[in-house]
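The values are calculated or read from the model by the stated rules, or taken from the named source; none is laboratory data. Owing to the predicted nature of the structure, the values given are computational and were not obtained by experimental measurement. Neighbour counts run over all protein chains shown; Cβ positions are idealised from the backbone, glycine included.
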Amino acid sequence: MAVNKISLRIGGPAGRGIMNTGLMFAKCCSRIGLHVFDYIEYPSLIKGGHNTYVVRAEDEPIYCQVKGTDILIALDEPSIHIHREELNAQSIVIYDEKAVHENIAGLSNCHRIPLPMKELLQEAHGKELMANTVCLGAALGIMDYPLAVAEGVVRDAFGEKKDAIVEENLAALRLGFTYAREHFAALNHYRLTPIPNAPKRMVLTGNEAIALGAVSAGLTFYAAYPMTPASSILHTLAGWQERHNIVVKHAEDEISVANMTVGAAFAGARAMCATSGGGFALMNETLSLAGITETPAVFVEVTRGGPGTGIPTFTEQSDLKFVLNSGHGDFPLFVVAPGDVEEAFRLTGEAFNAAERYHTPTVILSDKYLGESHKSAEFFNERVPIDRGPLLREAPEHYLRYPLDGRAVTPRTIPGVPNGFFLANSDEHDPFGYSTEEIDIRNAQMEKRMRKLEEFAREMPQPVLRGPPLADLTIISWGSTKGPIMEALKHLEREGLSVNFLHLTWIQPFPRATVRRILSNAKRTLIIENNYSGQMQGVIKEQTGIDIQHAMRRYDGRPFFFEDICSRVKDILRGGQ
């Protein structure tokens, strides 16, 4: 019997409540003290297709999904065909007995729980749509999960709906729970038991962590046009806008979004917008405007698989070089890439502070895997320091916004500050802001702006090498690949293998001295990226002159599995390629 260690997958067509059911199960696991990670896949369809939601829960910290499936809730027959390779002799499949053929391939080597769904729903006075809740109840029933806790989760999930809907779902949950316990009590392979005195944890996505980090950092303006997989940042902040006094704008397109955001930042708001690759392409001219006017706006780019529309609901890390070189012309641009929900929260605050200290647009680079996967985390009790940089409340007479006095960053004002008037347009300008094409002024203003990269590079947080300093192999990565690598390190260490890990967060300016020092001392190197061309590998070569010896890449829209990383590491340590 496996106690407090489970990987549960829900599969079925869009429109069957799969996302809600998966999140309810994740919260059920978290509420009894387990660590949780989930991963979702869905096509760009409102109904139909194949959706899947994987929840992994254990009593020790976990960082990603696993390959195998312990319990499969199949809301249609294709889900069994698609996921049968993940099942083993101990796996349990829960399904509607009328919706799945009894002799379907994939069920012969595992355990089955066929549910009389029509009868159970009639008894619960529920609708066909509630089959997911019946299946959730059945799964919790065979794992001996405390029913009262599950009922609390269901109440929270449907609490904003009519009382009748809440009660129907509770009835569906109880019937599935009771039926499984009465008819399949022998299938006690998995058990979920409350951990005494376990701390309460949040279950949140990377997008929600960015939104929470922005609010904690003093966000006052947010604009977006919905674009998967960044849309949930808009949904989250729209729900919080009144409580936190935030202006949230759903604009007509990404050009308007960018212009509103830069305009709000110019007016003194802590302003942010978010999109994905195609929307960020439309924002590039405005990003360049922020660069020359020295306006501290924050942009979030949550990458999906390109090019073009590509695979819009799947993950990739293919926009790195695009973001690093975004906006026409030379201007300072800061780029930071969180790797998990904790970093998404903390680095969002750092991004706002960096933008305002240096009057520089800053991009938070994420992706679908981080943005939409839930992870349990300790509550963020830390206070986010708010540093608004050199901002004048009253300006001297004859105030100059862009003086050429040797400083890279000079005090800014916002509209309404006494004596603080200046011109901010997209032309090259003199110290007051008037347009100019004079050679000496052009050179001096360009050099003034670009010195911000040098100054921030000296103070920005440096990457840290995790693990033994003289390991046999050094893994390098950035962004959401952190999770599978951290999980792989945990297992490799238990096997006695010597591996360390260099995870990059602040990417522009690039921490070249630190990276060069660490990689120069590495015995073997492996970089892991979710893109075809090895974009970070190229950036490291460009910035440090170091060729990384081995590369592991994936570009099919899916994240890495730690099992594959472990296999590749062992192969390299045995002398393979």
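Which residues, taken from segment 324-375, are of a type in the set (Ser, Thr, Tyr) and surrounded by fewer than 23 Cβ atoms within 10 Å (Cβ to Cβ)?
Ser326 - this is the single residue of segment 324-375 that is of a type in the set (Ser, Thr, Tyr) and surrounded by fewer than 23 Cβ atoms within 10 Å (Cβ to Cβ).
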Original post:
Taking segment 550-577 as the search range and keeping residues that are part of a strand (DSSP E or B) and of a type in the set (A, V, I, L, M), which one is farthest from Ile311 (Cα to Cα)?
Top reply: Ala551
**OP:** Run Pro226 past the list (1) outside the structural domain of Asp38 (by TED's automatic domain parsing); (2) in contact with a strand residue (DSSP E or B) (Cβ under 6 Å, 6 or more places away or on another chain) and report the number of the one that doesn't hold.
**Re:** (2)
**OP:** Run Leu370 past the list (1) in contact with a helix residue (DSSP H, G or I) (Cβ under 9 Å, 6 or more places away or on another chain); (2) outside any strand (DSSP E or B); (3) under 18 Å from Pro461 (Cα atoms) and report the number of the one that doesn't hold.
**Re:** (3)
Subject >> Hits in segment 487-514 (condition: in a helix (DSSP H, G or I), buried (at least 21 other Cβ atoms within 10 Å of the Cβ) and in contact with a helix residue (DSSP H, G or I) (Cβ under 8 Å, 6 or more places away or on another chain)) >> reply: Glu487, Ala488, Leu492
Subject >> Flag if Arg554 is without any contact (Cβ under 8 Å) to a residue 40 or more places away in the chain, out of contact with any Cys (no Cβ under 9 Å at 6 or more places or on another chain), farther than 25 Å from Ala354 by Cβ and not polar (S, T, N, Q) >> reply: yes
Original post:
Mind checking which pairs have a first residue in segment 214-226 that is at pLDDT 95 or above and in a loop (DSSP other than H, G, I, E, B) and a second that is crowded, with 21+ Cβ neighbours inside 10 Å and basic (Lys, Arg), Cβ under 9 Å, 6 or more apart or different chains?
Top reply: Ala217/Arg270; Gly218/Arg270; Leu219/Arg270; Thr220/Arg270
**OP:** Output the qualifying pairs, or none if there are none: Cβ atoms under 8 angstrom, residues six or more apart or on different chains, first residue in segment 390-410 and among the β-branched types (Val, Ile, Thr), second residue assigned to a loop (DSSP other than H, G, I, E, B) and at pLDDT 95 or above.
**Re:** Val409/His359; Val409/Gly389; Val409/Pro390; Thr410/Pro390; Thr410/Leu400; Thr410/Arg401; Thr410/Tyr402; Thr410/Pro403
**OP:** Restricting attention to segment 85-106, report how many residues are over 17 Å from Ile10 (Cβ atoms) and either in contact with an Asp or Glu (Cβ under 6 Å, 6 or more places away or on another chain) or at pLDDT below 90 (or both).
**Re:** 6
**OP:** Within segment 6-27, identify whether any single residue is over 27 Å from Gly126 (Cα atoms) and touching a residue at least 24 places away in the same chain (Cβ under 8 Å), and answer yes or no.
**Re:** yes
Original post:
With (1) touching a residue at least 24 places away in the same chain (Cβ under 8 Å); (2) crowded, with 21+ Cβ neighbours inside 10 Å; (3) part of a strand (DSSP E or B) as the list, and His50 as the residue in question, which single condition is left unmet?
Top reply: (2)
**OP:** From Ala171, Ala180, Ala186, Ala164, grab the single residue that is part of a helix (DSSP H, G or I), out of contact with any Cys (no Cβ under 9 Å at 6 or more places or on another chain) and without any contact (Cβ under 8 Å) to a residue 12 or more places away in the chain.
**Re:** Ala164
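One line per residue, one yes/no per condition, for (1) part of a helix (DSSP H, G or I); (2) surrounded by 19 or more Cβ atoms within 10 Å (Cβ to Cβ):
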{"site": "Pro229", "(1), (2)": "no, yes"}
{"site": "Ser232", "(1), (2)": "yes, yes"}
{"site": "Arg243", "(1), (2)": "yes, no"}
{"site": "Ile255", "(1), (2)": "yes, no"}
{"site": "Leu287", "(1), (2)": "yes, yes"}
{"site": "Gly291", "(1), (2)": "yes, yes"}
{"site": "Val302", "(1), (2)": "no, yes"}
{"site": "Phe322", "(1), (2)": "yes, no"}
